[in-house]
Amino acid sequence: MRKGDEWSMAEVSADPGLESRLDQLLRENDGVVRVEQISEVVEAVLATLSGDLTATDIRVYRELEELVSYIHIARQEIAALRPDEIQSHYIPSATDELDAIVEATEVATNEILDAVEIIENLQDRVDPEIAEIIANNTTRIYESCNFQDITGQRITKVVKALKHIEDKVEALVAALWERNEDGSASPDGKPKKETTDDSDLLNGPQLPANAFRQEDIDALFASFG
Amino acid sequence: MAVDKNMRVLIVDDYKTMLRIIRNLLKQLGFVNVDEATDGAQALQMLRSGNYGLVISDWNMEPMTGLQLLREVRADPKMKAVPFIMVTAESKSENVIAAKEAGVSNYVVKPFNAETLKSKMVSVLGDF
């Protein structure tokens with residue numbers, strides 16, 4: 001609930017000071033109130049209902065009861081997911097494993113290149129026919145070693161996605177359980193970008209089914225003249 | 001005019017194995033005067049202090065991308081004419097369009113083979 005939202009209720013025999021409590025709550029929290037605070041307010045509203053209840057009173061009462069119950073259940077279900085473990089253990093563990101893959105493939109690729117360079121340097125010491133075979137096949141190996149660059153970029157994409165998920169989990173945890181250290185409200189997500197910039201061009205390698213082949217690139221490039 | 005294979009070539013990529021692969025492929029083509037940079041900012045510094053006949057650059061690097069490097073090169077009167085080949089995994093049409101608009105000389109998509117690299121160099125430098 002944010003400052004500016006109308007707080008309207010059906011006719012209810014409520015404590016007239018309740019509205020001022022709500023206004024105070026919004027002021028104290030810079031216009032953003034956490035769900036457990038909403039729950040407290042709702043319970044306070046229920047407690048203030050007194051006297052003969054009208055049909056409207058009963059309807060509002062039930063809806064507020066359901067709202068409180070929903071909030072409690074949602075918090076329990078989210079807590080059961082152990083978002084703190086996701087944030088502090090599983091995601092960092094996954095990103096560490098992925099970083100290790102990149103490092104391992106880099107080490108292996110360098111080992112391959114070391115060996116290939118040694119073989120390539122033998123060309124001057126063998127007859128031309130053998131030298132040509134060496135040249136052709138060392139070239140094939142260099143071409144194949146492109147894989148390390150591609151896998152590294154794909155893994156980087158995955159790591160970024162995991163970190164994005166981690167940020168969302170952190171925001172969820174902060175919103176539902178604790179205030180940030182500076183007392184500010186938790187973010188409810190980054191605003192949608194209104195304009196595109198160069199960062200939108202950073203997509204990394206495409207999946208094989210979607211990727212442009214070199215021929216496609218050549219054709220598009222040539223179309224510019 | 002014959003291509004001077006002794007020209008200085010700058011290769012730019014944040015993956016050192018890729019730098020090594022491109023260096024070895026260039027060596028096979030007879031280009032041995034090759035310098036390396038691991039990001040656009042380092043490359044720009046080298047380009048400003050050196051006299052390079054060709055730049056072969058990746059796109060996806062930090063803190064300066066290959067596209068940003070290209071724009072800087074084309075904006076500098078001293079080096080705006082240097083041939084610049086983008087070698088990158090970025091393969092969407094908007095990437096090619098953006099690179100072309102920025103003044104790229106040619107575009108190679110990873111993974112690539114030696115023949116493709118050579119053909120793009122020939123298209124930019126002339127036969128060798």
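The values are calculated or read from the model by the stated rules, or taken from the named source; none is laboratory data. Values in this document were obtained by computation on a predicted structure and should not be read as measured data. Neighbour counts run over all protein chains shown; Cβ positions are idealised from the backbone, glycine included. The area values use the complete protein model at the heavy-atom level, side chains included, leaving out ligands, DNA and RNA. Shrake-Rupley method; radii C 1.70, N 1.55, O 1.52, S 1.80 Å.
Quick look at the numbers
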quantity	calculated
Residue ID - nearest to the other protein chains (Cβ to nearest Cβ), chosen from residues in the range B:12-56 that are of a type in the set (Ser, Thr, Tyr) and closer than 25 Å to A:ASP200 by Cα	B:TYR15
Pair list, Cβ < 8 Å and 6+ apart or interchain, from the range A:112-136 residues that are free of Cβ contacts under 8 Å to residues at least 40 places away in the same chain and closer than 19 Å to B:ASN113 by Cβ to residues that are among the acidic types (Asp, Glu) and open to solvent by less than 90 Å² (accessible area, probe 1.4 Å)	A:ILE134/A:GLU120; A:ALA135/A:GLU120
All positions within the range A:59-112 that are open to solvent by less than 50 Å² (accessible area, probe 1.4 Å) and either outside any helix (DSSP H, G or I) or of a type in the set (Ser, Thr, Tyr) (or both)	A:SER93, A:THR95, A:THR105, A:THR109
Pair list, Cβ < 6 Å and 6+ apart or interchain, from the range B:1-15 residues that are over 15 Å from B:GLY66 (Cβ atoms) to residues that are surrounded by fewer than 17 Cβ atoms within 10 Å (Cβ to Cβ)	B:VAL3/B:GLY126; B:VAL3/B:PHE128; B:LYS5/B:GLY30; B:ASN6/B:ASN33; B:ARG8/B:ASN33
Residue identified as within 18 Å of B:ASP14 (Cβ to Cβ), among the hydrophobic types (A, V, I, L, M, F, W, C) and without any contact (Cβ under 8 Å) to a residue 40 or more places away in the chain among B:VAL108, B:VAL96	B:VAL108
Some residue of the range A:124-138 being small (Gly, Ala, Ser) and modelled with pLDDT of 85 or more	yes
Residue match in the range B:21-33 (condition: touching a Cys at 6+ places or on another chain (Cβ under 9 Å) and modelled with pLDDT of 95 or more)	yes
